[in-house]
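Comments concern the structure below.
The values are calculated or read from the model by the stated rules, or taken from the named source; none is laboratory data. The model shown is predicted, which means the values in this text are computed figures rather than measured ones. Please note: Cβ atoms are built from the backbone with ideal geometry, for glycine as well, and neighbour counts cover all protein chains shown.
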Amino acid sequence: MRNLSSRLILIAVIVALAAWIDFSTELKIPNPITGQTLWRRDVSPKLGLDLRGGLQVVLEADLPEGTEISNEQMETARLILENRTNALGVNESVLQVAGSNRIVGEFPGVADPDEVKATLGQTGRLEFVDFGFLPIAAGTVVQTDVEGGEATDLNNLPTDPTTPIIYHTVMTGDKIETALVSTSQLGEYYIAFTLTSEGAAIFGEHTSTHTEQYLGIVLDKVVISAPTIGSAITSGEGVIEGGFTADSANALAIQLRYGSLPIPFKVVESRVVGPTLGQDSLQKSLVAGLVGIIVVFLFMGIFYRVPGVLADFAIIIYALIAFAVFKYFHFTLTLAGVAGFLLSTGAALDANILIFERMKEELRAGRTLRTAVDLGWTRAWSSIRDSNLATIITSVILFWFGSTFGATIVKGFALTLALGVGISLFTAILVTRTLLNLVLKFIKPGTENPKWFGI
Amino acid sequence: MNILGKRYWYFALSLLVILPGMVLIALNGLPLSIDFTGGSILEVRFAGETPAPADVVAVYESLGVKDAQVQTTGTGTVQIRSSFLSEASGEEDTGETATSTAVQAALREEFGELTVERFDSVGPSIGRQVTQRAALAVAIAALAVVFYITYTFRGLEHAFRYGVIAIVAMIHDVAVVMSITALGGQFWGWQVDALFLTALLTVIGFSVQDKIVVFDRIRENSNVYRRLPYETLANHSIIQTLQRSINTQLMTVEFMLLALALFGGITLREFAVILLIGLFSGTYSSIFIAAPILVVWEKQEWKTWFRRKEETQTI
């Protein structure tokens, strides 16, 4: 049977691929001649906050109800918040827009949740700072006199290098009216901005007396750019140019427009899980899962005999594939996700049980083994298809519910459930059936013992 | 084996399970957790001796939080539930509510070093929306399932009936879970939280899956045995799928959940128990609720409900 051997090869390839992903933390394909890495992908398992500990924060736009918030505003706010929290050095933090007015932030393994929350709660401040003739690189943290304090005289710098320099803030970001990216005739990107009338006056005075000097653009005390003043800008309209790419120009324009967050936010929900509680839960649920699976495997073997053992094999393959998919696509495993996964193995067995029960019926009706196997499959298929499709419909709706709402538990559960159902269909149809056909090849017609099939 | 003949007994049994819980819910409401009502849960482990609950409550009260409830957990931590504690947000201080940082600082000062195992804090507005959205999600899912079943059973007479009954039986399962949870809340302090919601949604998903397997058999049999009366046909279909229902639901899924409930840590215990009950109810209702209602509908038995008893029994 050519069909059988090609199926077996397909299964072997898939299992090998899944095992490769399951048992490594990084995938690499080296070029066999030069030894260079051609392709790589990080497949280390991602554990959710409830399993490894950490902080989850839900921020909500702090605006009167019914205020229109554009998707662009939310995305900009998310970007700014992401930059801020990255600056804190939290690894693998994730910020996502949820629904129309919420942002969900997840910070695994943070030691100081209060610091993160305080940073998120700040309203960012954009300042235009006089740097005199000092070329200060982007990314430098500077002190300014905007909250008071005396600015250092830049023409008369302190000789002691430990004395901090306090720069003078010319104006703050709220005096910018618009900032847009344009391209010159040479195809170079520049940013055109307009100022409010108050801003135009301040800016006109400063630029006419400080030409050729640096004007720093500073967000939350971090220098983002420091262009030189080419000529006096008194009209309230100016341009910033020089060495921009489309992306960098756009990013700066956004920061100029929304230096402070486009919308104010407040913390409406926060969850902190200590690292020990998470590990404890993970270990216990893994033990529980193992116990459950062993009992179920024994049951299948005892009740359904040969097909039951084959189904056990299929479930192991199912678990290998499912885990590989989780790792490859960087799905986060949460406690509810682990539970969903365990339940879905039960559902994966359901397809097998439906088929085996059907097979037994056909055997009892006096059909030969081969016919019974084939009939079992075709007759059970409609109920497997319809019932699993209904589950997939439900999980898609739950997933939508979870992601619009930032309910990560529900989302993780729906995803594992849907994936579990999908992969279980594949293993039941392809793996169990192929293995059973393989076994049938070794049984001579007429010698089969119905006891092997649980009758 | 005549399963469907005793159909009114099953309805009575289900009511017996559902009604007490419903009465409790009507009287006290569901035991909602902070996920829905808003509020804070702070779970801490003290390095030194664990203080008495009353002392912890006193610390909260000194900060103006009047509704703190303190519970010592089995693992030696202390769990404090209270109204929403606002966040330390640098500049603004609302002055109305104590911040979580202030509470932790005060606890440290009073009882020595501590580690925060868990701190959940949910604003009041968000909880209300969770409930609304969840109800909406379930309603949409139910509608989608009705349409799907009507479509996939379109070859049968009254295909729409199957969809509607699947949902009725699903509501039965939800009611059973709610009722048991209300009882659990009354006697063991269970709470309805986001995990409960997940469990409920799973029950809904698997409940429908189970109904479809039974309906599928009716669909197949109705093509084979065209002459049989509907009740016999349905009864026959149930018996044919009985072994599968027992094996899938009881032997595999319920085993897995039992293992989770027994060995799977405190966080998952309630979740596992609720799923256990819900999925059992899902299997039960396919056989003892959905199929009987199909027969009741087919025979339009409600026309005889209010007549004299002898007449109903002759059917």
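Annotations for the structure displayed:
- Number of positions in the stretch B:247-263 that are modelled with pLDDT of 80 or more, within 28 Å of A:Lys360 (Cα to Cα) and within 7 Å of chain A (Cβ to nearest Cβ): 5
- Meets criteria (in contact (Cβ under 8 Å) with a residue 12 or more places away in the chain and away from every other protein chain (no Cβ under 11 Å)) for B:Ile266: no
- Residue in the stretch A:141-152 that is surrounded by fewer than 14 Cβ atoms within 10 Å (Cβ to Cβ), of a type in the set (Gly, Ala, Ser) and modelled with pLDDT under 85 present: yes
- Residue list for the stretch A:226-285, restricted to those being touching a strand residue (DSSP E or B) at 6+ places or on another chain (Cβ under 7 Å) and of a type in the set (Phe, Trp, Tyr): A:Phe244, A:Phe265
- Long-range neighbours under 8 Å by Cβ, at least six apart or interchain, first residue among the small types (Gly, Ala, Ser) within the stretch B:41-63, second assigned to a loop (DSSP other than H, G, I, E, B): B:Ala47/B:Gly112; B:Ala47/B:Glu113; B:Gly48/B:Gly112; B:Gly48/B:Glu113
- Residues of the stretch A:266-288 that are buried (at least 18 other Cβ atoms within 10 Å of the Cβ), at the interface with chain B (Cβ under 7 Å from one of its Cβ atoms) and part of a helix (DSSP H, G or I): A:Leu277, A:Ser281, A:Lys284, A:Ser285, A:Ala288.
- Flag for A:Phe313 being surrounded by fewer than 21 Cβ atoms within 10 Å (Cβ to Cβ) and more than 9 Å from chain B (Cβ to nearest Cβ): yes
- B:Gly155 satisfies every condition listed in (1) buried (at least 16 other Cβ atoms within 10 Å of the Cβ); (2) within 14 Å of chain A (Cβ to nearest Cβ); (3) not in a helix (DSSP H, G or I) except (1).
- Qualifying residue in the stretch B:222-231 (condition: among the basic types (Lys, Arg) and touching a helix residue (DSSP H, G or I) at 6+ places or on another chain (Cβ under 8 Å)): no
- Checking A:Arg379 against (1) in contact (Cβ under 8 Å) with a residue 12 or more places away in the chain; (2) touching an Asp or Glu at 6+ places or on another chain (Cβ under 6 Å), the condition it does not meet: (2)
- Filtered by the rule that a residue be within 23 Å of the chain's Cα centre (by Cα), over 21 Å from B:Leu201 (Cβ atoms) and in contact (Cβ under 8 Å) with a residue 12 or more places away in the chain, the stretch A:304-355 gives A:Ala319, A:Leu320, A:Ile321, A:Phe323, A:Ala324, A:Val325, A:Lys327, A:Tyr328, A:His330.
- In the set (1) within 9 Å of chain B (Cβ to nearest Cβ); (2) of a type outside the set (Asp, Glu); (3) in contact with a Ser or Thr (Cβ under 8 Å, 6 or more places away or on another chain), the condition left unmet by A:Lys360 is number (3).
- Only residues that are over 15 Å from A:Arg358 (Cα atoms) and crowded, with 17+ Cβ neighbours inside 10 Å were counted in the stretch B:234-251, giving 4.
- For the stretch B:66-80, the criterion of being in contact with a Gly (Cβ under 6 Å, 6 or more places away or on another chain) and either more than 14 Å from chain A (Cβ to nearest Cβ) or closer than 30 Å to B:Leu294 by Cβ (or both) is satisfied by no residue at all.
- Residue match in the stretch A:357-368 (condition: among the hydrophobic types (A, V, I, L, M, F, W, C) and either under 20 Å from A:Ser387 (Cβ atoms) or modelled with pLDDT under 80 (or both)): yes
- Test: B:Leu228 is free of Cβ contacts under 8 Å to residues at least 60 places away in the same chain and more than 7 Å from chain A (Cβ to nearest Cβ): yes
- Residue in the stretch B:240-256 that is among the aromatic types (Phe, Trp, Tyr), closer than 18 Å to A:Thr345 by Cα and in a helix (DSSP H, G or I) present: yes
- Unmet criterion (only one of (1) without any contact (Cβ under 8 Å) to a residue 40 or more places away in the chain; (2) surrounded by 14 or more Cβ atoms within 10 Å (Cβ to Cβ); (3) within 16 Å of A:Glu127 (Cβ to Cβ); (4) not aromatic (Phe, Trp, Tyr)) for A:Ala226: (1)
- Criterion violated by B:Ile239 - all others in (1) over 30 Å from B:Gly38 (Cβ atoms); (2) touching a helix residue (DSSP H, G or I) at 6+ places or on another chain (Cβ under 7 Å); (3) more than 8 Å from chain A (Cβ to nearest Cβ) satisfied: (2)
- Matching residues in the stretch A:48-76 - criterion: being within 14 Å of chain B (Cβ to nearest Cβ) and hydrophobic (A, V, I, L, M, F, W, C): A:Leu49, A:Leu51, A:Leu55, A:Val57, A:Val58, A:Leu59, A:Ala61, A:Leu63
- Within the stretch B:158-196, the residues that satisfy the criterion of being assigned to a loop (DSSP other than H, G, I, E, B) and more than 14 Å from every other protein chain (Cβ to nearest Cβ) are B:His158, B:Gly189, B:Trp190, B:Gln191.
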